[in-house]
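**Q** Let me begin by handing over the structure; questions about it come next.
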Amino acid sequence: MSTSDVTKQGVRGVRPGRDALVGAGLRRRKRRGERPMVPDAEFTSYYGKPIINRPTWEARDIAGYFFLGGLAGAGSVLAAGAHFTGRPGAARALKISSTVAIAGSAAALIHDLGRPARFYNMLRVLRPTSPMSVGSWLLGAYGPAAGAAAVLDVTGLFPRLGRSATVAAALLGPAVATYTAVLAANTAVPAWHDGYRELPFVFAGSAVAAASGLALAAAPTAETAPVRTAALLGTAVETTALTLMERRLGMVAEPYGKGRAGRLMRAAKVLSVAGAVGGAALGGRSRTAAVLSGAALLAASACTRFGVFYAGVASADDPKYTVVPQRERMFSRRAPGSGESSD
């Protein structure tokens with residue numbers, strides 16, 4: 001209970017440090033010729049508390065779910081390409097890895113949910129406007145297709161059915177690889193929500209690089225020419241999308257370059273370039289180089305997913321990433337020529 005009292009002489013009994021903190025980085029656009037009467041305020045929120053709740057997800061569950069889902073989805077696309085171009089070793093390795101990866105991704109999601117029944121409950125109704133609902137149905141449809149493609153390829157049974165399962169998994173693969181980016185962007189977390197345009201391309205490029213890396217490491221060297229090209233393409237898409245996102249987000253992109261997230265994102269860039277270039281230059285000649293390049297690409301993709309996760313958590317903890325962009329948008333709408341009144 002407050003012990004302060006308002007008298008004719010002023011406020012008595014004020015406890016120090018209890019004032020509401022106003023401001024950190026609010027910068028109102030000034031009209032031409034306008035001189036500020038007071039200095040710009042700094043925003044830290046009331047009592048330094050976050051404005052939005054930080055994500056309660058565990059990194060190993062959700063970032064792992066992001067990574068393994070991307071590996072599975074992109075792997076099925078590359079597996080179909082290898083299957084229909086006469087590269088059975090690469091196709092089998094990718095089909096098996098996609099099955100294992102999607103099983104791990106689903107296990108991570110169920111572990112985060114707490115009970116398997118909660119995943120089942122999400123399948124009771126399909127809500128097209130809910131990324132989580134759509135994603136659950138994607139996993140429910142993709143998992144059996146990927147599993148059937150792998151099992152029928154290994155056993156050699158029912159080749160026509162195996163081809164159909166391979167095609168079905170490949171058609172669903174791109175959505176499986178990227179819908180987690182839509183899921184993250186659908187939250188209020190600034191580093192994810194504001195990056196809604198580029199984040200799916202970041203996840204797509206990262207997924208293609210990871211699947212290419214696995215094929216480089218597990219498939220016969222003579223069959224890896226297409227995946228070496230895919231590794232270069234995936235790395236280029238991921239790097240370009242990240243650069244564009246950080247440039248567009250401005251201040252909100254700061255968490256991607258600081259702390260644990262910054263270290264992971266920098267490691268991802270180094271590993272992805274090393275893996276893609278090394279695989280393209282030496283992966284077709286040396287088995288050792290192919291394995292090392294593939295491992296680098298897999299590690300780079302994992303670093304990207306964990307880096308994105310930790311950047312989101314950091315942006316939720318600091319209230320300025322929520323409030324300052326909102327204020328800037330408000331002031332831009334009030335600026336002359338915007339069509340809105342400044343009153």
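The values are calculated or read from the model by the stated rules, or taken from the named source; none is laboratory data. For clarity, every value in this text was computed on a predicted model and none was experimentally measured. For neighbour counting, all protein chains shown are included, and Cβ atoms are generated from backbone atoms with ideal geometry for every residue, glycine included. Side chains are part of the model used for accessible areas, which takes the heavy atoms of the whole protein and leaves out ligands, DNA and RNA. Shrake-Rupley method; radii C 1.70, N 1.55, O 1.52, S 1.80 Å.
**Q** Among the listed residues Leu242, Leu249, which satisfies the condition of being over 21 Å from Ala72 (Cα atoms) and modelled with pLDDT of 95 or more?
**A** Leu242
**Q** To continue, here is another question. Scan (1) open to solvent by 30 Å² or more (accessible area, probe 1.4 Å); (2) modelled with pLDDT of 95 or more; (3) charged (D, E, K, R) for the single condition Arg32 breaks and write down its number.
**A** (2)
**Q** Please find, among Thr239, Thr129, Thr180, the residue that is within 17 Å of Ser98 (Cβ to Cβ) and of a type outside the set (Gly, Ala, Ser).
**A** Testing whether each residue is within 17 Å of Ser98 (Cβ to Cβ) and of a type outside the set (Gly, Ala, Ser) leaves just Thr180.
**Q** For Arg127, indicate whether it is out of contact with any Lys or Arg (no Cβ under 7 Å at 6 or more places or on another chain), surrounded by fewer than 16 Cβ atoms within 10 Å (Cβ to Cβ) and closer than 27 Å to Pro116 by Cβ.
**A** The answer is yes for Arg127.
**Q** Tell me whether the stretch 121-139 contains one or more residues that are hydroxyl-bearing (Ser, Thr, Tyr), within 25 Å of Asn186 (Cβ to Cβ) and touching a residue at least 12 places away in the same chain (Cβ under 8 Å).
**A** For the stretch 121-139, residues hydroxyl-bearing (Ser, Thr, Tyr), within 25 Å of Asn186 (Cβ to Cβ) and touching a residue at least 12 places away in the same chain (Cβ under 8 Å): present.
**Q** Do we find a residue being of a type in the set (A, V, I, L, M) and over 29 Å from Thr56 (Cβ atoms) anywhere in the stretch 260-267?
**A** no
**Q** So Trp137 clears everything in (1) closer than 20 Å to Ala177 by Cα; (2) buried (at least 20 other Cβ atoms within 10 Å of the Cβ) except one condition, right? Which one?
**A** Failing condition for Trp137: (2).
**Q** Name the residue that is surrounded by the most Cβ atoms within 10 Å (Cβ to Cβ), counting only residues in the stretch 271-307 that are closer than 18 Å to Leu68 by Cα and of a type in the set (Ser, Thr, Tyr).
**A** Out of the qualifying residues, it is Ser301.
**Q** Looking only at the stretch 108-148, how many residues end up being out of contact with any Phe, Trp or Tyr (no Cβ under 9 Å at 6 or more places or on another chain), more than 27 Å from Pro159 (Cα to Cα) and of a type in the set (A, V, I, L, M, F, W, C)?
**A** Count: 4.
**Q** Quick check on Arg197: is it outside any helix (DSSP H, G or I), open to solvent by 50 Å² or more (accessible area, probe 1.4 Å) and touching a residue at least 40 places away in the same chain (Cβ under 8 Å)?
**A** For Arg197, the condition - outside any helix (DSSP H, G or I), open to solvent by 50 Å² or more (accessible area, probe 1.4 Å) and touching a residue at least 40 places away in the same chain (Cβ under 8 Å) - is met.
**Q** Same structure, new question: Considering the stretch 140-155 alone, what residues qualify as being surrounded by fewer than 20 Cβ atoms within 10 Å (Cβ to Cβ) and over 22 Å from Ile110 (Cα atoms)?
**A** Within the stretch 140-155, the first condition is being surrounded by fewer than 20 Cβ atoms within 10 Å (Cβ to Cβ), and the residues that meet it are 140-141, 144, 147, 151, 154-155.
Within the stretch 140-155, Val151, Val154, Thr155 meet the criteria.
**Q** Which number in (1) part of a helix (DSSP H, G or I); (2) within 13 Å of the chain's Cα centre (by Cα); (3) of a type in the set (Ser, Thr, Tyr) marks the one condition that Ser212 misses?
**A** (2)
**Q** For the stretch 308-343: of the residues being of a type in the set (Ser, Thr, Tyr) and modelled with pLDDT under 95, which is most open to solvent (accessible area, probe 1.4 Å)? Spell out how you get there, then give the answer.
**A** Kept after step one, since they are of a type in the set (Ser, Thr, Tyr), are these residues of the stretch 308-343: 310, 315, 321-322, 332, 338, 341-342.
Next cut, modelled with pLDDT under 95 only: 315, 321-322, 332, 338, 341-342.
Details: Ser315: 0, Tyr321: 7, Thr322: 19, Ser332: 44, Ser338: 49, Ser341: 72, Ser342: 42 Å².
Taking the candidates together, the pick is Ser341.
**Q** I'm trying to understand the selection: among the residues of the stretch 234-262, which are of a type in the set (D, E, K, R), part of a helix (DSSP H, G or I) and touching a residue at least 12 places away in the same chain (Cβ under 8 Å)?
**A** Glu238, Arg248, Glu254, Arg260
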